[in-house]
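J.: Okay, here's the structure, questions in a sec.
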Amino acid sequence: MTAETPITQDVQTIPRKLPEGPVNIVGLTRDKLRKLLIENGTPEKQAKMRTGQIWQWVYQWGVRDFHAMTNLSKAYRAELAEKFVIEIPEMVSKQVSADGTRKYLVKIAGGHEVEVVYIPETDRGTLCISSQVGCLLTCSFCHTGTQKLVRNLTAGEIVGQIMMARDDLDEWPQPGVGTGDAGPRLLSNVVLMGMGEPLYNFDNVRDAMKIAMDNEGISLSRRRITLSTSGVVPEIAKTAEEIGCMLAVSLHATTDEVRDKLVPINKRWNIEVLLEALKAYPKLSNSERITFEYVMLKGVNDSDEDARRLVRLISGIPAKINLIPFNEWPGSPYQRSDWDRIEKFADIVYKAGYASPIRTPRGEDIMAACGQLKSATERERKSRKQIEAEAGL
């Protein structure tokens, strides 16, 4: 990238020619929904109340039929049904891993497909969602990075992935029941770690997460939402100020030479610039700490010196280090670090005062593990030689 490269990519979010017919209200912010209702005949004095009522039906109770919104008059319900729809991405298929992980193939407007992963735990359930069709960044160790970027997802397509998963898990509260009154959640956490770089689709990600965090809707705490970025530095402060969720950073290397190959965006914003931008994030967002993601690649970034250098780099930043055993995929030019090497690396980081959990690989048997997402219907394949050439190996 050059200095003139725009911060956010000029990637279409929706087709240029909008489909005719009713407007889908999923993904509209409260202000946008209120404005739309007024434009379509709702009296301005009633618009705020009507927005709140519709909002609860859609996002708190998961209702998709205006006629079921019983605290609205029959005439108004009929009017809404004529002008608007409540539509979310379509689940095309679901695979369930031996460990309970679920991978969904989801169809969005234009026939494009993205993948979504649900990871059950004893005390929580985490949904990994996508923000783009494909990915621009071409990180050499990531399977998703071998798929070309097609377009950004809309706010509705992003929050719709959460709604789709709640459908599958059957955990919408009954109408009139508060979200907190429905008991422990199967889907308690959301991570933007699926297909795409969220900060190259900032506005739609922000709007979708505002909907997810709304207390009268899906009602996820901002501390239960983690946005993972490869390091789009100019958007980091905006993320703290306008979203305020937890932040994870795909670091994966301790020198620019290695990170340039693993995470090519490093050529635009190197490690020093990235870490400088991260120092202010916990205070700006009122977050306790930043999570650094570090995939363990045999003979590439897993030495004792890498571990000691990592500790020096993040000094002064409240942080934890997630060590990720590399999830190998067909054609990958890398191998997973040996387990004893990962444990030694973790021990150095831990003794320096940082939490350094080793992430347990999940969903490997269905290609749902970290870095493996790539639609099975995507037919374009790269040879090992191509991948190694692009990785600079």
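J.: Return yes when TYR76 is part of a helix (DSSP H, G or I) and either within 23 Å of GLN161 (Cα to Cα) or modelled with pLDDT under 95 (or both) and no when it is not.
T.: Details: part of a helix (DSSP H, G or I): yes; either within 23 Å of GLN161 (Cα to Cα) or modelled with pLDDT under 95 (or both): no.
Judged against the criteria, TYR76 is not a match.
J.: Condition first: assigned by TED's automatic domain parsing to the domain that holds GLU216, assigned to a helix (DSSP H, G or I) and modelled with pLDDT under 85. Can you find one or more residues in the range 168-175 that meet it?
T.: Looking for residues that are assigned by TED's automatic domain parsing to the domain that holds GLU216, assigned to a helix (DSSP H, G or I) and modelled with pLDDT under 85, one finds none in the range 168-175, hence no.
J.: Among the residues of the range 122-137, which ones are farther than 14 Å from THR226 by Cβ, β-branched (Val, Ile, Thr) and either crowded, with 19+ Cβ neighbours inside 10 Å or modelled with pLDDT of 90 or more (or both)?
T.: If the condition is that a residue be farther than 14 Å from THR226 by Cβ, β-branched (Val, Ile, Thr) and either crowded, with 19+ Cβ neighbours inside 10 Å or modelled with pLDDT of 90 or more (or both), then VAL133 is the only one that fits.
J.: Shifting gears a bit: If we scan the range 141-158, do we find a residue that is at pLDDT 95 or above, in the same structural domain as PRO198 (by TED's automatic domain parsing) and charged (D, E, K, R)?
T.: Within the range 141-158, one or more residues are at pLDDT 95 or above, in the same structural domain as PRO198 (by TED's automatic domain parsing) and charged (D, E, K, R).
J.: Can you tell me which residues in the range 269-280 are of a type in the set (A, V, I, L, M) and part of a helix (DSSP H, G or I)? Before you say what the answer is, go through the steps one by one.
T.: First, the residues of the range 269-280 that are of a type in the set (A, V, I, L, M): 271, 273-275, 277-278, 280.
Answer for the range 269-280, where residues must be of a type in the set (A, V, I, L, M) and part of a helix (DSSP H, G or I): ILE271, VAL273, LEU274, LEU275, ALA277, LEU278.
J.: Among the residues of the range 107-118, is there at least one that is small (Gly, Ala, Ser) and in contact with a strand residue (DSSP E or B) (Cβ under 6 Å, 6 or more places away or on another chain)?
T.: Scanning the range 107-118, I find no residue that is small (Gly, Ala, Ser) and in contact with a strand residue (DSSP E or B) (Cβ under 6 Å, 6 or more places away or on another chain), so the answer is no.
Okay, residues lined up against (1) farther than 29 Å from GLU113 by Cβ; (2) at pLDDT 95 or above; (3) in contact with a helix residue (DSSP H, G or I) (Cβ under 6 Å, 6 or more places away or on another chain); (4) not assigned by TED's automatic domain parsing to the domain that holds LEU169:
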residue: GLU4; (1), (2), (3), (4): yes, no, no, yes
residue: ILE14; (1), (2), (3), (4): no, no, no, yes
residue: LEU33; (1), (2), (3), (4): no, yes, yes, yes
residue: LEU36; (1), (2), (3), (4): no, yes, no, yes
residue: GLU44; (1), (2), (3), (4): yes, yes, yes, yes
residue: ALA47; (1), (2), (3), (4): yes, yes, yes, yes
residue: THR51; (1), (2), (3), (4): yes, yes, yes, yes
residue: PHE66; (1), (2), (3), (4): no, yes, yes, yes
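J.: For residues that are part of a helix (DSSP H, G or I), under 15 Å from GLY178 (Cβ atoms) and of a type outside the set (Ser, Thr, Tyr), tally how many sit in the range 54-69.
T.: Qualifying residue count, the range 54-69: 4.
Results for (1) closer than 20 Å to SER228 by Cβ; (2) assigned to a strand (DSSP E or B), shown as yes or no for each residue.
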residue	(1), (2)
PRO282	yes, no
MET296	yes, yes
VAL311	no, no
GLY316	no, no
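J.: A further question on this structure: Right, VAL117: more than 28 Å from ARG359 (Cα to Cα) and assigned to a strand (DSSP E or B) or not? Full working, then the answer.
T.: Details: more than 28 Å from ARG359 (Cα to Cα): no; assigned to a strand (DSSP E or B): yes.
No, not satisfied.
J.: Going through ILE348, ILE314, ILE387, ILE342 one at a time, which residue ends up being at pLDDT below 55, over 26 Å from ARG102 (Cα atoms) and β-branched (Val, Ile, Thr)?
T.: ILE387
J.: Looking only at the range 95-121, filter to residues that are among the charged types (D, E, K, R) and farther than 20 Å from SER188 by Cα; which one of those is modelled with the highest pLDDT?
T.: LYS107
J.: Further question on the same structure: So LYS238 ticks every box in (1) without any contact (Cβ under 8 Å) to a residue 60 or more places away in the chain; (2) more than 30 Å from GLU272 (Cβ to Cβ) but one. Which box is left unticked?
T.: (2)
J.: Hey, among the residues in the range 43-98 that are among the hydroxyl-bearing types (Ser, Thr, Tyr) and in contact with a Ser or Thr (Cβ under 9 Å, 6 or more places away or on another chain), which one's nearest to GLY111 (Cα to Cα)?
T.: Among residues in the range 43-98 that are among the hydroxyl-bearing types (Ser, Thr, Tyr) and in contact with a Ser or Thr (Cβ under 9 Å, 6 or more places away or on another chain), the one nearest to GLY111 (Cα to Cα) is TYR59.
J.: Would you be able to say whether some residue in the range 307-330 is touching a residue at least 40 places away in the same chain (Cβ under 8 Å) and hydroxyl-bearing (Ser, Thr, Tyr)? Spell out the reasoning first.
T.: Taking the range 307-330 and keeping what is touching a residue at least 40 places away in the same chain (Cβ under 8 Å), we get 307-311, 313-314, 317, 322, 324, 326-327, 329.
Within this subset, residues satisfying the condition of being hydroxyl-bearing (Ser, Thr, Tyr) are none.
No, because not a single residue in the range 307-330 is touching a residue at least 40 places away in the same chain (Cβ under 8 Å) and hydroxyl-bearing (Ser, Thr, Tyr).
The values are calculated or read from the model by the stated rules, or taken from the named source; none is laboratory data. Everything numeric here is computed off the predicted structure, so don't read it as measured data. Virtual Cβ from ideal backbone geometry, glycine too; neighbours counted across all protein chains shown.
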